[in-house]
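Please read the structure below before turning to the comments.
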Amino acid sequence: MGVMRFHEKFNRTGWSILLTVLIGLVAVHRASAHAYLLHSEPAANAILDTAPETMRLWFSEIISSEFSGAMLLDADGQSLDITVTVDPNDHTLLVVNLPELPDGVYSLRWAAHSEADGHSTQGLIVFGIGEGADLGTATAVATDTAVSWPEVVLRWFTYTLILGLVGMVAVTTLVLKPANFSDNVAAVLRAAQKRILRIAWRLSLASLLVGVIWVGWQAYALASSVSGNISLLATAWQWLSQTRLGLFWWARQMVLLVLAASLWPGERQMERETAVSPTQRIFLFVLLLTLLVVQSLTSHAAALTSQTTLAVTMNTLHLVAAGLWVGGLLALVVGLLPLVRQKDDFTALVQAGWGPFGRLAAFSVVLVLATGIYSTGREVGSADAMISTFYGQTLMVKIGLMLTVGLFGALNSSILHPRLSAPLAHLLHKLQGWTPISARRLPRLIVAEVIVGLLVLLLAGLVTAAPTARGVAIAANRNAPSSLSQRVDDMVIGLSVNPNQAGQNIFTVRAASTRRPTPAKVLRIILRFTYLGQDLGMASVDAAEIEPDLYLIGGSQLNVAGNWQIDVVVRRQGLEDSIASFEWTVPETGPQQPVIISNRPWEPLLTALAMVLLLLLGGTAVISIIKAKNSHL
Ligand code: HEM
């Protein structure tokens, strides 16, 4: 079967595989990020009168039952027999069945593996039994909360390879246009296209390999974080076959295989006039987009509980823009620069490559900025969180480096397009055609631009491996009211919460009808609790009547500080439920964080800014397309 027929045959098969992958991806869309411990019973540092039979640990989202676990040590460091399970009805709850425990001090080291992005979190809960228990004698157990560098480096390779792939295909198909130039320039551009495609093929193979190493890393990290002697191979297979991320891994590897086959530099492909046929170009773009969607579905963006699809879309656009810009620069530096460096018509050749890239780069810079601003608003709670957390600080360094890439880009453009330096030349009384930097320095500047771009990707690896700064340094209103009332139908419904702190509270409900005689008997008062900061599901309890119109219940439903919705449902005989919905704030306890710049949630502001930038970008793109069309008429 000739190479051409193989390619056509392959394209058809490729399309159908792609379709299946896409459907599969939509099906497994829901995901999440680092699993934080919200609260436990018994609570950390509790001194109990009697020994508990079980411990319960609630996490901020679904944890995997295969790779989450715990270890219990007594004050002498002896490990005690326990059984650990994830509650089948609530996959955010880890249940630890304890042996009979004599009075004393105990340390429980827990490890939770997020079902969504494969990050593991660890922690320690110390508690005592009996009056004389001295928590200071508890066995200290190291818990590893640091960002793991092997993961950061693997993420860096992943981003460099897949964004490099995006840049290679974009430059070959959208930037290098041999047909628009004289023969010698056209010949060099054609050679550059084929060279870049060969590199792209190697990048796709290298991505496949990094994917395999990633599984090895995941298996090693998991095997070492949870107790139990499962072999690395068994852990790897369990991860690949039983976790959401395993499923995404298969999808990613499949897309990469199809990509590698499509980019395979068969001899006929190399002899062809145009490096990539129009259908193949579309096919490659769809494959690359699928790859970026898969990547985004395992990122922090997929963890967000509200507007998840928008966050995942923005993350994907961010990757597209980063691929076009930094990946495109990489393609030009490794694909075209070596072919033109020694050439006499160096400047003309660079013009032919970097000239058309300028427009694409400008478009991608604005897109990467807009989508980056949006993601910052979703992943970082406030300006104070940006400067006071590891995540925020890393992001600031990344933005600083990104601006440096932009500066290099502007310098290079000023050399390539002297008209851009004209206003400066005029200001400085320089001759026409003057540029701030001599053209001889262009190759070094171009390489510097790419190196800083690769450093941005390293920072992206660090940011995505770190716990986010969502919900950090957010001004949870410390003077939040602890009692509110509402009028619903003919009912006046009042709610008060005491002491209104995260953890154990007493809820008092007063529900009285304004009509006399009252229209119907109250059968039940149900309280429903929904945390607005994260998807913790909804908890509901019945309050008990203690006197006419007055109802009471105690419990730890409000287990984290922040914003909640509490619905008080008054169920009466023969009438529709009367529901009072209260926006409720549980203030933070403990020392108040000093405000540095602002601890007000900045998400709405950054989202608005990002949308304005995107609208401007969209508008400019439409105008320039119309202009281009008119100029061809
Ligand atoms: C050269 C410019 C840039 C490049 C190459 C770049 C690259 C990346 C990459 C590869 C990711 C990982 C996405 C994922 O895992 O799915 C990412 C995420 C992110 N980027 Fe950028 N970025 C750039 C500029 C920016 C800018 C200017 C901002 C902020 C204004 C920004 C904010 C973010 C945020 C908040 C995330 C999400 C991280 C997470 O998942 O936790 N980026 N970026």
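When only C-alpha pairs under 8 Å and at least 6 residues apart count, what is the relative contact order of the chain, in percent? Walk me through the intermediate numbers first.
On the way: 1101 pairs, mean separation 77.6, N = 633.
RCO, the chain: 12 percent.
Using +1 at the Cβ of each Lys and Arg and -1 at the Cβ of each Asp and Glu in the chain, identify which of A133, L615, L319 lies farthest towards the dipole's positive end.
After comparing all options, I get L615.
Mind jotting down a quarter of the surface of the convex hull over the alpha carbons of the range 481-586, in square nanometres, one decimal?
If you wrap the Cα atoms of the range 481-586 in a convex hull and average its projections, you get 6.2 nm².
Please compute the contact order of the range 37-129 in relative form: average sequence separation of alpha-carbon pairs under 8 Å and at least six residues apart, divided by the residue count, as a percent. Each step should come with its number before you reach the end.
Numbers: 205 pairs, mean separation 32.1, N = 93.
Rounded, it is 35 percent for the range 37-129.
When the helices in the chain are scored as -39500 (n - 2.57) per DSSP H run of 4 or longer and the sum is shared across all residues, what 222 nm value do you end up with, to the nearest 500 deg cm²/dmol?
Numbers: 16 runs with 299 residues, N = 633.
My calculation for the chain gives -16000 deg cm²/dmol from helical runs alone.
Calculate the dipole size of the chain relative to its Cα centre from +1 charges on Lys and Arg beta carbons and -1 charges on Asp and Glu beta carbons; express the result in debye to the nearest 20.
Values: 42 positive and 41 negative charges, 851 e Å.
Taking the Cα centre of the chain as origin, the dipole is about 4080 debye.
Hey, any idea what % of the chain's accessible area is carbon plus sulfur with a 1.4 Å probe? Can you show the working numbers first?
Working: 18370 of 29950 Å².
Carbon and sulfur together cover 61 percent of it.
Hey, what do the phi angles of the range 321-333 turn into as Karplus ³J(HN,Hα) couplings, whole Hz, using 6.51/-1.76/1.60 and θ = phi - 60°, x for Gly and Pro?
For the range 321-333, the Karplus-derived couplings read 5, 5, x, 5, 7, 5, x, x, 4, 4, 4, 5, 6 Hz, x marking Gly and Pro.
Rolling a 1.4 angstrom probe over the protein chains, ignoring ligands and nucleic acids, what is the accessible area of R571 in square angstrom, nearest 10?
Near enough 80 Å² of accessible area.
I want the local charge near L161. Using Cβ-Cβ distances under 12 Å, sum +1 for each Lys or Arg and -1 for each Asp or Glu among the other residues. Mind showing how you got there, number by number?
Working: positive: R155, R202, R252; negative: none.
In short, +3.
Calculate how steeply helix 149-170 sits against the longest principal axis of the alpha-carbon atoms of the chain, using the helix alpha-carbon long axis, and give the answer as 0 to 90 degrees to the nearest 10.
40 degrees
With Rg and the Kirkwood Rh both taken from Cα atoms, where does Rg over Rh land for the chain? It would help to have the intermediate numbers written out before the result.
Working: Rg = 29.9 Å, Rh = 28.3 Å.
When Rh is taken as the Kirkwood radius, the ratio is 1.06.
Using only Cα atoms, find the angle between the long axis of helix 442-465 and the longest principal axis of the chain, and express it within 0 to 90 degrees, rounded to the nearest 10.
For 442-465 against the chain, the angle is about 20 degrees.
Please list the non-local residues whose amide H lies under 5 Å from the amide H of A46, H modeled 1.01 Å from N, same-chain partners needing a gap of 5 or more.
G128
With every protein chain in place, what's the accessible area of L407 (1.4 Å probe, Å², nearest 10)?
It works out to around 110 Å².
Nearest 10 degrees is fine. How inclined is helix 603-632 to the longest principal axis of the chain, computing both from alpha carbons?
30 degrees
Please compute the Cα-Cα pair-distance distribution of the range 37-129 with 10 Å bins starting at 0, giving whole percents from short to long.
With a bin width of 10 Å, the distribution comes to 17, 53, 26, 5.
I'd like to check one number: the per residue accessible area of the chain, probe 1.4 Å, reported in Å² as a whole number.
47 Å²
The values are calculated or read from the model by the stated rules, or taken from the named source; none is laboratory data. Predicted model only: the values in this text are computed from it and were never measured. Reconstructed Cβ throughout: ideal geometry from the backbone, glycine too, with neighbour counts over all protein chains shown. For the accessible areas, the whole protein counts, side chains as well, though only heavy atoms, and no ligand, DNA or RNA atoms are used. Shrake-Rupley method; radii C 1.70, N 1.55, O 1.52, S 1.80 Å.
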